[in-house]
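Here is the structure we will look at.
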Amino acid sequence: MEVIFLLIAISIVAALGFLAAFLWAVKTGQYDDDKTPAMRILFDEKKSTETNN
Amino acid sequence: MEKETFRYDNTIVRKFAFATMAFGIIGMLVGLTAALQMVDPMFNFLTPWLTFGRIRPLHTNAVIFAFVGNGIFMGVYYSLQRLLKTRMWSDVLSNINFWGWQLIILSAVVTLPLGITTSKEYAELEWPIDIAIALVWVVFGLNMFMTILNRRERHLYVAIWFYIATFVTVAMLHIVNSFELPVSFFKSYSWYAGVQDALVQWWYGHNAVAFFLTTPYLGLMYYFIPKASNRPVYSYRLSIVHFWALIFIYIWAGPHHLLYTALPEWAQNIGVVFSFMLIAPSWGGMLNGLLTLRGAWDRVRESAVLKFMVVAVTCYGMSTFEGPMMSLKNVNAIAHFTDWVVAHVHIGGLGWNGFMTFGILYYLVPKLWNTKLYSSKLSDFHFWIGTLGIIFYALPLYWAGFTQSLMWKEFTQEGFLAYPNFLETVTQIKPMYAARAFGGSIYIIGVISMLYNLIMTMKQGSFQREEEASALALTKNYEGHKGEGWHRVIERRPIQMLVFSLVAVAIGGAIEIIPTMLIKSNIPTIASVKPYTPLELEGRDIYIREGCYNCHSQMVRPFRSETERYGEYSKAGEFVYDHPFQWGSKRTGPDLHRIGAKYSDSWHFNHMMDPGSMSPGTIMPSYPWLFENDLNTELTAGKIRAMQTLGVPYAEGYDQIAVQDLTYQSESIAKNLEKDGLQVLPNSEILALIAYLQRLGTDIKVKDGQAAMVTN
């Protein structure tokens, strides 16, 4: 059963890693805008013509 | 600033698409063969290589890692480039990823039918292949992260977050669960024993469902449903909440596979609580997917792609509702070990993963070949026959699971088991097994129609190897940021930091902690539990090779219906020398933990030769080759030494006399059989298997009505 401490440790490490990723994402503005990202993926097909923002 | 022009690589997507289609058919046909064997074992054609115990792992590995695995790579390599507005970082790595993955699949196709297996479910492949998997997975991750770093789109769309979580978590799970001590090139023993091994295995097993069958496919859902319907996702904010909530909760749910077992109760309860909480993010994701189509349901009527995806997401919702329910202890008491679980996973497998993959294929092939789908009538046919296939597959198994479980638990008024003969509960549900095989067959007919449809589509179009696109390059720094010093450096390298630190901590930690923590800590709490004799150990390895654990559990749960049927319930301390554990997850046949000393040696002899002779109507196959094969004792000494390394207390130098002991024991069993008039080849494998079966659960067996002294 001791292995559960190991699994908890590893799971927490993973969770902390994801937490770090989450904080990074928030800090760099990944989630500042929750409207255009959903729209933007729809427009990447037209070759070379669309404007990029 | 000027726009940069670049080209998306479509050839790698095509490669993975072909592999997905090919392995889809193969994996499902293997599954059908297994399903037919549950109706009549003659469908193994009397070969060892095709018996249920060996091809069931082949089926699960093929559909999970070959079909869905290639499907993940197909979808990721297509969407990642477009979401990041850049080509994959390295075509070489893309191709190493592709060919490496196919070689791993090929090695599975060869080794599993040969009985080369670790017996840990969905992680059956032996250690050299485990290493190859880790390497190819790292190649995939490196390619993905370098592509992310070279992106032209600052914002990481939510699908990419799902891909990242998939990579990181699968790497971690695979490495931790694959800790094993090699004995030879094709044989290893799990580092963990008994309860420990079970816990690690199901921590892995459940998260394989979570991070291989779920998160990557949710990422694909968030890309392909909006693209196919040309609508933005219902709520981008919900998708973000969905993502972070899901990955934080999922990792803890594993112990729900071990309810009422010898796992300590508090650990079981953690699993229950987190499993139940999973309803919220799962349904958030499902609703987000379905509501994306609000106001566009007319398109679903016309688009094959959307039809498949709608059913896929609905199936995802059904399984993720059912899963938490099955994690409740009182429901689990009925569902566990029955066909209910099989039905549940196939709603996920056939519905969610299968239909999602088909939808993506119907979307990608016309696009990549620059044409229209060859026949929408045929894709409609596929949709309906596939949907019916799922229903015809799942409903009989739900019925079978309930029926059998209730029969197991039923008592007469006098307080005896109503169905003391396990076989009665099997013959009762045989028609359901036949119906399931029918459902599976028509599902496969649908897939074949898709293959034809897609091949004709490819023929009428012309493949675009590359696709030109253009975008602005990314400026180096995020403007809104005001950090300084070391912090700034980390921010410039956020993803490397994340990956390298995680991998470093996880691997380093595991290597350091596991040996110190586990090997000496397995102090037996039951004094009467002793290591296996060399012959029993060899017999156990045959049990593993033949995949007996696929149909027989070794875990008597503390219910009256089980202790009446099988004997004393299983204790944690009884498994301390079990590398790997053999608790199983399904009872197609009865539990075997207390089988030892229950029947005579000659009963086992006859039963393994022809199960029908001892139990008429059984669906267990015969194992005639065990009577012909000579037991290979070349590795015996090495196996004893490996067990010693893992902390099993054989006397020092015992490996030298192990084979001698083995021969002595096998001769005595042979003599015993001779008394009953049974001739057996000396040193045949059956003797080892009988020795193992007769030993099972006897260490603390209750004798003469007196309870054994048990401290656990």
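The values are calculated or read from the model by the stated rules, or taken from the named source; none is laboratory data. The structure displayed is predicted, hence computed values, not measured ones. Note that each Cβ is placed from the backbone with ideal geometry, even for glycine, and that neighbours are counted across all protein chains shown. These accessible areas exclude ligands, DNA and RNA; they are computed on the full protein's heavy atoms, side chains included. Shrake-Rupley method; radii C 1.70, N 1.55, O 1.52, S 1.80 Å.
Residues of segment B:172-201 being of a type in the set (A, V, I, L, M, F, W, C) and open to solvent by 20 Å² or more (accessible area, probe 1.4 Å), which ones?
B:Ile175, B:Phe179, B:Leu181, B:Val183, B:Phe185, B:Phe186, B:Trp191 - these are the residues of segment B:172-201 that are of a type in the set (A, V, I, L, M, F, W, C) and open to solvent by 20 Å² or more (accessible area, probe 1.4 Å).
Going through segment B:242-270 one residue at a time, which ones are of a type in the set (Gly, Ala, Ser) and more than 10 Å from chain A (Cβ to nearest Cβ)?
B:Ala245, B:Ala253 - these are the residues of segment B:242-270 that are of a type in the set (Gly, Ala, Ser) and more than 10 Å from chain A (Cβ to nearest Cβ).
May I ask you to list pairs of residues, at least six apart or on different chains, whose Cβ atoms are under 6 Å apart, with the first in segment B:186-206 being within 27 Å of B:Pro113 (Cβ to Cβ) and the second being assigned to a helix (DSSP H, G or I) and among the small types (Gly, Ala, Ser)?
B:Tyr189/B:Ala642; B:Trp202/B:Gly254; B:His206/B:Gly254
Condition (residue is more than 12 Å from chain A (Cβ to nearest Cβ), in a helix (DSSP H, G or I), open to solvent by less than 10 Å² (accessible area, probe 1.4 Å) and on the phi < 0 side of the Ramachandran plot) applied to segment B:151-158: is it met by at least one residue?
Looking through segment B:151-158, none of the residues is more than 12 Å from chain A (Cβ to nearest Cβ), in a helix (DSSP H, G or I), open to solvent by less than 10 Å² (accessible area, probe 1.4 Å) and on the phi < 0 side of the Ramachandran plot.
Would you say B:Arg540 is more than 21 Å from B:Leu406 (Cβ to Cβ), surrounded by 22 or more Cβ atoms within 10 Å (Cβ to Cβ) and of a type in the set (Lys, Arg)?
Considered against the rule, which asks whether it is more than 21 Å from B:Leu406 (Cβ to Cβ), surrounded by 22 or more Cβ atoms within 10 Å (Cβ to Cβ) and of a type in the set (Lys, Arg), B:Arg540 comes out as yes.
For B:Asp704, which of the numbered conditions (1) modelled with pLDDT under 95; (2) closer than 20 Å to B:Leu537 by Cα fails to hold?
Result: B:Asp704 fails condition (2) only.
Please specify each residue of segment B:589-601 satisfying the condition of being crowded, with 22+ Cβ neighbours inside 10 Å and part of a loop (DSSP other than H, G, I, E, B).
B:Asp591, B:Leu592, B:His593, B:Arg594
Quick one: in segment B:138-183, of everything that is in contact with a helix residue (DSSP H, G or I) (Cβ under 7 Å, 6 or more places away or on another chain) and among the polar types (S, T, N, Q), which residue is farthest from B:Leu93 (Cα to Cα)?
B:Asn177
Can you report the number of residues in segment B:543-579 which are more than 25 Å from B:Phe411 (Cβ to Cβ), within 14 Å of another protein chain (Cβ to nearest Cβ) and surrounded by fewer than 24 Cβ atoms within 10 Å (Cβ to Cβ)?
4
Tell me the residue from A:Phe18, A:Phe22 that is within 7 Å of chain B (Cβ to nearest Cβ), more than 20 Å from B:Arg154 (Cβ to Cβ) and at pLDDT 85 or above, please.
None of the others qualify; the one that does is A:Phe18.
If we only count helices (runs of 4 or more DSSP H) wholly inside segment B:1-116, which ones have 3 or more residues that are without any contact (Cβ under 8 Å) to a residue 12 or more places away in the chain?
B:91-111
Please find, among B:Phe98, B:Phe65, B:Phe45, the residue that is open to solvent by 30 Å² or more (accessible area, probe 1.4 Å) and closer than 20 Å to B:Thr357 by Cα.
Going through B:Phe98, B:Phe65, B:Phe45 in turn, the sole match is B:Phe65.
Tell me, which residue of segment A:29-43 that is farther than 14 Å from B:Ile240 by Cβ and within 7 Å of chain B (Cβ to nearest Cβ) is most open to solvent (accessible area, probe 1.4 Å)?
A:Met39
Can you name the number of the only condition in (1) within 30 Å of B:Trp49 (Cα to Cα); (2) open to solvent by 20 Å² or more (accessible area, probe 1.4 Å); (3) not aromatic (Phe, Trp, Tyr) that B:Thr636 fails?
Only one criterion is unmet by B:Thr636, namely (2).
Being within 14 Å of chain A (Cβ to nearest Cβ) and either buried (at least 21 other Cβ atoms within 10 Å of the Cβ) or assigned to a helix (DSSP H, G or I) (or both), is that true of even one residue in segment B:467-474?
Checking segment B:467-474: at least one residue is within 14 Å of chain A (Cβ to nearest Cβ) and either buried (at least 21 other Cβ atoms within 10 Å of the Cβ) or assigned to a helix (DSSP H, G or I) (or both).
Among the residues of segment B:101-134, what is the count of those that are open to solvent by 50 Å² or more (accessible area, probe 1.4 Å) and touching a strand residue (DSSP E or B) at 6+ places or on another chain (Cβ under 8 Å)?
1
When both residues are 6+ apart or on different chains and their Cβ atoms are under 9 Å apart, which pairs have a first residue that lies in segment B:272-287 and is touching a residue at least 60 places away in the same chain (Cβ under 8 Å), and a second that is part of a helix (DSSP H, G or I) and open to solvent by 20 Å² or more (accessible area, probe 1.4 Å)?
From segment B:272-287, the pairs are B:Gly285/B:Leu238.
Could you please give the count of residues in segment B:616-628 that are surrounded by 15 or more Cβ atoms within 10 Å (Cβ to Cβ) and within 31 Å of the chain's Cα centre (by Cα)?
Residues that pass the stated criteria total 8.
Looking at (1) under 25 Å from B:Ala159 (Cβ atoms); (2) facing another protein chain (nearest Cβ under 8 Å); (3) polar (S, T, N, Q), which is the one condition that is false for B:Gln196?
It fails just one condition, (1).
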